[in-house]
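Colleague: This is the structure, below, for whatever I ask next.
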Amino acid sequence: MSLRRSGRTRPESWAAIARDDAEGDYGEEGEAGGNLNGEGAVLQQSINEAVVAKKQRAPRKSILKHSAPADELEEEEEEGQSAKDGSLFALLLPGGIAVGEITAEWRAKYGTDPTAALAELYTLVARAGGCVTTVTATDLTDSSAEDIGARVTHDMINGNIYDDDPMDCTSAKAAKGRFKAFRANYLMFWDKLLRDSSETDELFSAGGHKPTPATLPLFDSLADLVAMFSGLRVRNIRVAATEAGLQLVTSLVHVAKIKADTRDLKQRQLDAESKKKRPNQAMLRTLKEALVHTQARIHSAESMIKDAFNKIFTHRFRDIDPAIRATCMHSIGCWMRDHPLLFLSDFYLKYLGWSLNDKDPRVRLTVLAALRNLYSASSENLALMDTFNARFISRVREMLNDVDPMVAAAAVGALAVLHAAGVLPRADMEP
């Protein structure tokens, strides 16, 4: 099910702020990165101030020795509602039930009430981004996706936010806080949802007719939801949505790989049966039907990969936040490693090449690490990357003198692999 596109107008200030424009400038071979400007900068500053004000609120002392301060209790009671309401967000917090069981229950709900089930996903992404809010089935029926995104943004500016970032898993405080295992469970949920749904018709289109909102395939609803949130001006929301979107593609790559293995097995069985003097006709018929069905599933999975890539990755790989850009580069490197026949083409490789010029060393370092892994994986990869190397290897040589020593060292490692494979002469390993 997909949200309808509202035809009515909204106050221009919120509509403009919520739109997908949180991107840095990125030419064909330019540098990624940029700064929020205008209303977007004001919005992010407002949210930052709301977080600081909430954390710096002076608590009142309690007369009870072991009691929390009154303000802290009020705050915990207010925020704690989201951890006790049986929502997906609450279930994915540490100490909840198994993620597989949560996924199965959600899929069952989607089968009986898709609108209410999708509303839970909107709430999940919003809360994963730090917004204390709830999206209801009525909201989905009466509002457009942009309306909901604008409301979430407005809620965060008004201070409806968690003290800590649910997606933060690096800080010392996060390691001990209530969200310490949330990010892992959150990504596992999206992974299980895609993989389990791929075993049925649930994930795929049911027919050749144009789907209506009520019959839209599950994947289209997921991709539209994540794409909307990943384009908001609020950084934490973009992080939560982008990581979910990248996980969708990662899971689909796994699905396509499993289906391809199944197809190859069925083909070998068909060939073996066909070579018999008296082949079993019923067996041949069954194997041929299975081959057709599996190939159709592979085609559908790869179409979904391209759709999600275009809706999410092509915008977020040039996000203003270098951490998001680096995450995108890490993901596409993994996709290329796991599904080289699809991703080791000039269409996808160019994103690695462009990001060699990123302003942030974390992004450049991630790209070089991805290239080294691809170069060392197999000679087939090197053959598929011939055109890429001819175009971008000079840039890698330049990075031997990168201002960041870790990037310079990574450039040495990438070129060394090419030299060891006989692709790059020793003389060409100089900047």
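Colleague: Taking residue 394 as meeting all but one of (1) touching a Leu at 6+ places or on another chain (Cβ under 6 Å); (2) of a type outside the set (A, V, I, L, M); (3) open to solvent by 40 Å² or more (accessible area, probe 1.4 Å), write down the number of the exception.
Modeller: Against the list (1) touching a Leu at 6+ places or on another chain (Cβ under 6 Å); (2) of a type outside the set (A, V, I, L, M); (3) open to solvent by 40 Å² or more (accessible area, probe 1.4 Å), residue 394 comes up short only on (1).
Colleague: Can you spot a residue in segment 169-188 that is in a helix (DSSP H, G or I), modelled with pLDDT of 90 or more, under 17 Å from residue 239 (Cβ atoms) and basic (Lys, Arg)?
Modeller: Looking for residues that are in a helix (DSSP H, G or I), modelled with pLDDT of 90 or more, under 17 Å from residue 239 (Cβ atoms) and basic (Lys, Arg), one finds at least one in segment 169-188, hence yes.
Colleague: So, one more: Out of the residues in segment 364-390 meeting the condition of being over 19 Å from residue 341 (Cα atoms) and modelled with pLDDT of 95 or more, tell me which one is surrounded by the fewest Cβ atoms within 10 Å (Cβ to Cβ).
Modeller: Applying the filter and picking the extreme gives 369.
Colleague: Could you grab me the full set of residues in segment 88-146 that are part of a helix (DSSP H, G or I), touching a residue at least 60 places away in the same chain (Cβ under 8 Å), open to solvent by 20 Å² or more (accessible area, probe 1.4 Å) and not hydrophobic (A, V, I, L, M, F, W, C)?
Modeller: The answer is 100, 107, 110, 111, 114, 115, 146.
Colleague: Out of 337, 325, report the one residue that is among the basic types (Lys, Arg), open to solvent by 60 Å² or more (accessible area, probe 1.4 Å) and under 23 Å from the mean Cα position of the chain (by Cα).
Modeller: Among 337, 325, only 337 is among the basic types (Lys, Arg), open to solvent by 60 Å² or more (accessible area, probe 1.4 Å) and under 23 Å from the mean Cα position of the chain (by Cα).
Colleague: While we're looking at this one, here's another question. Filter segment 340-360 down to the residues that are open to solvent by less than 40 Å² (accessible area, probe 1.4 Å) and among the aromatic types (Phe, Trp, Tyr) and list them by number.
Modeller: Those that are open to solvent by less than 40 Å² (accessible area, probe 1.4 Å) and among the aromatic types (Phe, Trp, Tyr): 343, 348, 351, 354.
Colleague: I would also like to ask the following. Condition (residue is touching a Leu at 6+ places or on another chain (Cβ under 8 Å) and within 19 Å of residue 243 (Cα to Cα)) applied to segment 272-290: is it met by at least one residue?
Modeller: Looking through segment 272-290, none of the residues is touching a Leu at 6+ places or on another chain (Cβ under 8 Å) and within 19 Å of residue 243 (Cα to Cα).
Colleague: Something else now. Listed residues 275, 257, 311, 266; which is without any contact (Cβ under 8 Å) to a residue 12 or more places away in the chain and open to solvent by 40 Å² or more (accessible area, probe 1.4 Å)?
Modeller: Values: 257 fails: without any contact (Cβ under 8 Å) to a residue 12 or more places away in the chain; 311 fails: without any contact (Cβ under 8 Å) to a residue 12 or more places away in the chain; 266 fails: without any contact (Cβ under 8 Å) to a residue 12 or more places away in the chain.
Residue meeting the stated conditions: 275.
Colleague: Which residues, taken from segment 111-133, are touching a Ser or Thr at 6+ places or on another chain (Cβ under 7 Å) and over 18 Å from residue 164 (Cα atoms)?
Modeller: 115, 118, 119, 120
Colleague: What is the one condition in (1) modelled with pLDDT under 90; (2) within 27 Å of the chain's Cα centre (by Cα); (3) on the phi < 0 side of the Ramachandran plot; (4) exposed (fewer than 13 other Cβ atoms within 10 Å of the Cβ) that residue 66 does not satisfy?
Modeller: (2)
Colleague: Identify, from the list 298, 305, the residue that is surrounded by 14 or more Cβ atoms within 10 Å (Cβ to Cβ), closer than 29 Å to residue 364 by Cβ and either of a type in the set (Val, Ile, Thr) or at pLDDT 95 or above (or both).
Modeller: On inspection, the qualifying residue turns out to be 305.
Colleague: Okay, moving on. Take residue 400 and tell me if it is of a type outside the set (Gly, Ala, Ser), in a helix (DSSP H, G or I) and surrounded by fewer than 21 Cβ atoms within 10 Å (Cβ to Cβ).
Modeller: Considered against the rule, which asks whether it is of a type outside the set (Gly, Ala, Ser), in a helix (DSSP H, G or I) and surrounded by fewer than 21 Cβ atoms within 10 Å (Cβ to Cβ), residue 400 comes out as yes.
Colleague: Filter segment 399-431 down to the residues that are modelled with pLDDT of 95 or more and acidic (Asp, Glu), then identify the one that is farthest from residue 349 (Cα to Cα).
Modeller: Among those residues, the one meeting the criterion is 404.
Colleague: Which condition does residue 259 not pass, out of (1) assigned to a helix (DSSP H, G or I); (2) touching a Leu at 6+ places or on another chain (Cβ under 8 Å); (3) modelled with pLDDT under 95, if it passes all the others?
Modeller: It is condition (2) that residue 259 fails.
The values are calculated or read from the model by the stated rules, or taken from the named source; none is laboratory data. None of these values were measured; they are calculated from a predicted model. Neighbour counts are summed over all protein chains in view; Cβ atoms, including those assigned to glycine, are modelled from backbone coordinates with ideal geometry. Just the protein is used for accessible areas: all its heavy atoms, side chains included, with ligands, DNA and RNA removed. Shrake-Rupley method; radii C 1.70, N 1.55, O 1.52, S 1.80 Å.
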